[in-house]
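The values are calculated or read from the model by the stated rules, or taken from the named source; none is laboratory data. As the structure is a computational prediction, the values presented were derived from the model and not from experiment. In this analysis, Cβ positions are derived from the backbone assuming ideal geometry, glycine residues included, and neighbour counts consider all displayed protein chains. SASA here: full protein model, heavy atoms, side chains in, ligands and nucleic acids out. Shrake-Rupley method; radii C 1.70, N 1.55, O 1.52, S 1.80 Å.
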There are 2 protein chains.
Amino acid sequence: MESTTEYANASRVSDTEGFVRETPERTLSLTVSYNGAPFSGFARQPGQLTVQGELEQALSLVFRRHMEVVCSGRTDAGVHALGQVVSFDVANDELEGRNLYSLRRSLNALTHEDITVREVEERQPGFSARFDAQWREYHYHVCLDEVPPLFMRDFSWYVHGQLDIDAMREAAAHLVGEHDFKSFCMAASAVGKPTCRNVHEISLSREMIMGEGILTIKVVGNAFLHSMVRTIVGTLVMVGRGQRKPEWVREVLEARNRTAAGGNAPAAGLVFWRVQY
Amino acid sequence: MESTTEYANASRVSDTEGFVRETPERTLSLTVSYNGAPFSGFARQPGQLTVQGELEQALSLVFRRHMEVVCSGRTDAGVHALGQVVSFDVANDELEGRNLYSLRRSLNALTHEDITVREVEERQPGFSARFDAQWREYHYHVCLDEVPPLFMRDFSWYVHGQLDIDAMREAAAHLVGEHDFKSFCMAASAVGKPTCRNVHEISLSREMIMGEGILTIKVVGNAFLHSMVRTIVGTLVMVGRGQRKPEWVREVLEARNRTAAGGNAPAAGLVFWRVQY
């Protein structure tokens, strides 16, 4: 995280990645929902509509200076969020005469209609939405109806035919725990980076959402690699369809190669649900 | 219901409205979901995109003749349906070499993407989606979150501020039972027609749908007048906001005048949920 403002009384601390930065005077966080459909993902890219770009533009207008945010987890193009968290630093005098409700109102007025700022909170100075996260939770929605979903069309993956959910649960159990998830990471992103992650929970539950039959796959972990949740879902669906046995998932892990796993499940079915600090 | 085909061996029966018609050889029903947003309502209108128009056009292509359907309940522009039911008659030879699954597939391929035919069933000859219905169920979704809904935006009414749900329940209790609902019927539609209806249930429950806080108002009754559910919801929300006392609803009923009731709740929040035969 780089701050673009200098603070008179800021002290120097080192964050979890070891480099030294200034302790800011005040740190705020936003809890943000978005419908991922219109965005080229979360991360700012020149000339593209992105969630980060929209939030930073709105914050820059409000605070009348260039603002940057840190997020708890980047999401790809088309992926939704219910509780994405972003953090940013401000100086004491920048909050004078403001309250957090009016800040939320301003941000909601200034951002794209497919972004909703649900909450604005003040955190400990230096709080990082990324480094202070204890765990992240994603929900993936698969539609199990005989016909394609209508109300959940933009928020689910319609999988033709029956799925063996017990087999998927058995397969999922092999993924829980601390593992090298290199096989579940988009190849280019894994080069030269640590690929061990701790998955705390993968649970599958059937529910009716707006009258449509949905299998919700909840995945909770300390952190996730690029496209990891969608690869886990694509792999579990192969097992659910009977194309692979549940034990195959162990081989996939051991292969440490992206081509060993199933395909990427479509972005629209994924919601970055929440982050625990 | 008027049939456009003549059947050699059809007998004559009188339906619930007393006029005489031919008994058809075979009668089918479709259970249909639709996202109401793009449609000018259910009922066929020349030059307009309507659900009935789409279904009849698809059926006419499949059966290679002019087809008309009868529905269990018309819905206004923008109102959704999960389980709308329509019925239509066919001759024996028109079903030869067809099965109901392939008929469903054809209809889903031929209709607008915001219509899904969920089920095709054969019924007793002469079955009417309208006259054989025992009761109808509607769900109305009100969003109660502090910020506008995102995932439920197209399927809910965002009501600013808190609602007193206990007061709304008390008000709703006055509407349950057999009453003259003239005050809850769009004025033009009530002229010279019976306006008594039997409301079996109005229940209010809070739920989370896609992570958003929704108040679902379920209304069940034998039949409904034009815009009756939306007027009930508009009236209950006035009570929930504290603008009226729960007992006021009794006065509204007694007035037998549309202007006595609350406004029409927006169409997007309403889903025609299901019909019991």
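Here are the numbers:
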{"quantity": "Number of the exception - residue A:93 against (1) among the charged types (D, E, K, R); (2) within 11 Å of another protein chain (Cβ to nearest Cβ); (3) in a helix (DSSP H, G or I); (4) without any contact (Cβ under 8 Å) to a residue 12 or more places away in the chain", "calculated": "(2)"}
{"quantity": "Residue selected from the range B:181-201 under the condition among the aliphatic types (A, V, I, L, M) and either out of contact with any Leu (no Cβ under 9 Å at 6 or more places or on another chain) or assigned to a strand (DSSP E or B) (or both), by the criterion modelled with the highest pLDDT", "calculated": "B:199"}
{"quantity": "Residue among B:252, B:239, B:219, B:229 that is modelled with pLDDT of 95 or more and part of a strand (DSSP E or B)", "calculated": "B:219"}
{"quantity": "Filter result (part of a loop (DSSP other than H, G, I, E, B) and either of a type outside the set (D, E, K, R) or in the same structural domain as residue A:199 (by TED's automatic domain parsing) (or both)) within the range A:108-131", "calculated": "A:111, A:112, A:124, A:125, A:126, A:127, A:128, A:129, A:131"}
{"quantity": "Positions within the range A:216-234 being within 14 Å of chain B (Cβ to nearest Cβ) and open to solvent by 40 Å² or more (accessible area, probe 1.4 Å), in sequence order", "calculated": "A:218"}
{"quantity": "Test: residue A:121 is under 26 Å from residue A:223 (Cβ atoms), open to solvent by 30 Å² or more (accessible area, probe 1.4 Å) and more than 12 Å from every other protein chain (Cβ to nearest Cβ)", "calculated": "yes"}
{"quantity": "Which numbered condition residue B:213 misses (of (1) in contact with a Cys (Cβ under 9 Å, 6 or more places away or on another chain); (2) within 14 Å of chain A (Cβ to nearest Cβ); (3) crowded, with 18+ Cβ neighbours inside 10 Å)", "calculated": "(3)"}
{"quantity": "Members of the range B:256-277 found to be assigned to a helix (DSSP H, G or I) and either within 14 Å of chain A (Cβ to nearest Cβ) or at pLDDT 95 or above (or both), listed by number", "calculated": "B:267, B:268, B:269"}
{"quantity": "Filter result for residue B:208 (of a type in the set (A, V, I, L, M, F, W, C), over 19 Å from the mean Cα position of the chain (by Cα), within 14 Å of chain A (Cβ to nearest Cβ) and open to solvent by 20 Å² or more (accessible area, probe 1.4 Å))", "calculated": "yes"}
{"quantity": "Residues (polar (S, T, N, Q) and away from chain A (no Cβ under 14 Å)) located in the range B:147-172", "calculated": "B:162"}
{"quantity": "Check on residue B:49, aliphatic (A, V, I, L, M), touching a residue at least 12 places away in the same chain (Cβ under 8 Å) and either within 14 Å of chain A (Cβ to nearest Cβ) or open to solvent by less than 20 Å² (accessible area, probe 1.4 Å) (or both)", "calculated": "no"}
{"quantity": "Hey, residue A:258 over 24 Å from residue A:160 (Cβ atoms) and in contact with a Cys (Cβ under 8 Å, 6 or more places away or on another chain) or not", "calculated": "yes"}
{"quantity": "Residue check, residue A:154 in a helix (DSSP H, G or I), without any contact (Cβ under 8 Å) to a residue 24 or more places away in the chain and within 30 Å of residue B:83 (Cβ to Cβ)", "calculated": "no"}
{"quantity": "Matching residues, the range A:133-170, being surrounded by fewer than 21 Cβ atoms within 10 Å (Cβ to Cβ), closer than 30 Å to residue A:70 by Cβ and not aliphatic (A, V, I, L, M)", "calculated": "A:134, A:135, A:137, A:154"}
{"quantity": "Subset of the range B:228-277 [among the polar types (S, T, N, Q) and more than 15 Å from the chain's Cα centre (by Cα)]", "calculated": "B:235, B:243, B:257, B:259, B:264"}
{"quantity": "Filter result for residue A:144 (under 19 Å from residue A:263 (Cα atoms) and within 14 Å of chain B (Cβ to nearest Cβ))", "calculated": "yes"}
{"quantity": "Filter result (buried (at least 22 other Cβ atoms within 10 Å of the Cβ) and part of a strand (DSSP E or B)) within the range A:54-81", "calculated": "A:71, A:80, A:81"}
{"quantity": "Residues of the range B:171-205 that turn out to be of a type in the set (Val, Ile, Thr) and open to solvent by less than 50 Å² (accessible area, probe 1.4 Å), as a count", "calculated": "3"}
